[in-house]
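Okay, so here's the structure we're looking at.
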Amino acid sequence: MADETSTKAGFVALIGAPNAGKSTLLNALVGSKVSIVSRKVQTTRALVRGIAIEGQAQIIFVDTPGIFKPKRRLDRAMVTSAWGGAGDADVVALLLDARKGVDEEADAILEKLSELKQPKVLILNKIDLIERSKLLALAASLNERVGFAHTFMVSALKGDGTDRLKTELARMMPEGPWLYPEDQISDAPLRMLAAEITREKIYERLHEELPYQSTVETDQWQQRPDGSVRIEQTIFVERDSQRKIVLGKGGQTIKAIGQAARKEIAEIAEAPIHLFLFVKVRENWGDDPERYREMGLEFPRG
């Protein structure tokens with residue numbers, strides 16, 4: 001671990017509307033997969049922390065759920081979690097999709113952002129997809145609304161601009177000892193990360209057919225004498241018709257999901273993986289407090 005006299009460590013909350021690219025940016029900054037990335041909005045359910053080292057600074061990124069107008073109980077829990085994560089951070093980073101500009105969701109976030117006392121930075125993402133003149137005009141108008149300490153222009157997908165962003169955030173971290181071991185990239189337990197990876201693979205394959213109501217739990221994580229790991233996971237859906245979609249004809253869909261997930265889990269676990277997937281119907285799991293606790297969310301009453 002680095003010399004404590006010169007080290008810095010702190011938390012950066014990444015906030016923004018769904019699909020602004022927070023998870024992609026987090027993975028680019030950390031240099032590894034710590035948050036799932038999907039075309040389906042609202043894939044980050046709980047606060048995922050990714051840890052990056054920049055010089056003598058340890059930056060702990062909190063990838064909050066996308067902030068949107070909550071309709072269901074699960075939605076409300078996620079929005080509460082997002083603002084809670086922002087309120088606890090040393091720096092709040094607002095990520096906006098530069099192509100979309102300020103839509104209704106971004107406008108609501110900007111209104112609330114001014115209430116937060118921490119230093120705030122603006123990150124405009126997907127800059128490769130917008131004319132420079134429009135980009136500069138957008139940055140200027142946003143800085144008039146909120147007192148951002150810095151404005152960064154990045155393409156999270158391509159990695160453009162992320163080095164400068166990381167360097168500046170490192171400068172903004174408070175002095176103090178590192179909070180995690182040097183080689184740790186996330187404080188999400190491997191079991192939870194493995195479940196998130198499988199959930200991502202479900203979305204990648206079934207993003208049109210399967211509604212948002214599905215969740216994955218890792219039931220068993222067993223180290224074997226040969227160094228490999230046996231993992232059993234259950235995919236929960238709300239209806240039997242959804243179960244049939246996940247299984248696919250002759251079990252082909254779940255087999256493909258399992259193969260894709262196993263490959264990625266093996267990279268993160270740095271061990272050969274034997275992955276067994278089961279699909280169960282659990283009606284109205286979205287109203288079960290226990291499920292929320294497992295996802296690291298607070299169950300909203302009422």
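The values are calculated or read from the model by the stated rules, or taken from the named source; none is laboratory data. Just so it is clear, the model here is predicted, and its values are computed rather than measured. Methodologically, a virtual Cβ is constructed for each residue, glycine included, from the backbone with ideal geometry; neighbour enumeration extends over all protein chains shown. Note: accessible area is taken over every heavy atom of the protein model, side chains too, but ligands, DNA and RNA are not part of it. Shrake-Rupley method; radii C 1.70, N 1.55, O 1.52, S 1.80 Å.
Which one is farthest from ALA28 (Cα to Cα) among residues in region 149-175 that are open to solvent by less than 20 Å² (accessible area, probe 1.4 Å) and assigned to a loop (DSSP other than H, G, I, E, B)? Walk me through how you get there before you give the answer.
From region 149-175, those open to solvent by less than 20 Å² (accessible area, probe 1.4 Å) are 152, 154-156, 162, 165, 169-170, 173; that's our starting set.
Then keep just the ones that are assigned to a loop (DSSP other than H, G, I, E, B); that gives 154, 156, 173.
Working: VAL154: 11, ALA156: 7, MET173: 19 Å.
The residue in question is MET173.
Each row is one residue, and each column tells you yes or no for (1) among the polar types (S, T, N, Q); (2) touching a residue at least 40 places away in the same chain (Cβ under 8 Å); (3) open to solvent by 50 Å² or more (accessible area, probe 1.4 Å); (4) touching a helix residue (DSSP H, G or I) at 6+ places or on another chain (Cβ under 8 Å).
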residue: GLY227; (1), (2), (3), (4): no, yes, no, no
residue: GLN233; (1), (2), (3), (4): yes, yes, no, yes
residue: VAL237; (1), (2), (3), (4): no, yes, no, yes
residue: ALA261; (1), (2), (3), (4): no, yes, no, yes
residue: ILE265; (1), (2), (3), (4): no, yes, no, yes
Report yes if some residue within region 127-142 is more than 30 Å from VAL229 (Cα to Cα), touching a residue at least 60 places away in the same chain (Cβ under 8 Å) and not aliphatic (A, V, I, L, M); otherwise report no.
no
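Scanning region 96-127 for residues that are part of a helix (DSSP H, G or I) and either touching a Gly at 6+ places or on another chain (Cβ under 9 Å) or modelled with pLDDT of 90 or more (or both), which turns out most open to solvent (accessible area, probe 1.4 Å)? If you could, list the steps in order and put the result at the bottom.
Here is the first cut: in region 96-127, the ones part of a helix (DSSP H, G or I) are 104-113, 127.
Filter once more, so that each one left must be either touching a Gly at 6+ places or on another chain (Cβ under 9 Å) or modelled with pLDDT of 90 or more (or both): 105-106, 109, 127.
Values: GLU105: 66, ALA106: 3, ILE109: 3, ILE127: 44 Å².
The extreme case among them is GLU105.
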Output yes when any residue across region 12-25 is at pLDDT 75 or above, open to solvent by 40 Å² or more (accessible area, probe 1.4 Å) and not acidic (Asp, Glu), and no when none is.
no
Going by what's in this entry, would GLY251 be described as modelled with pLDDT of 95 or more and open to solvent by less than 30 Å² (accessible area, probe 1.4 Å)?
no
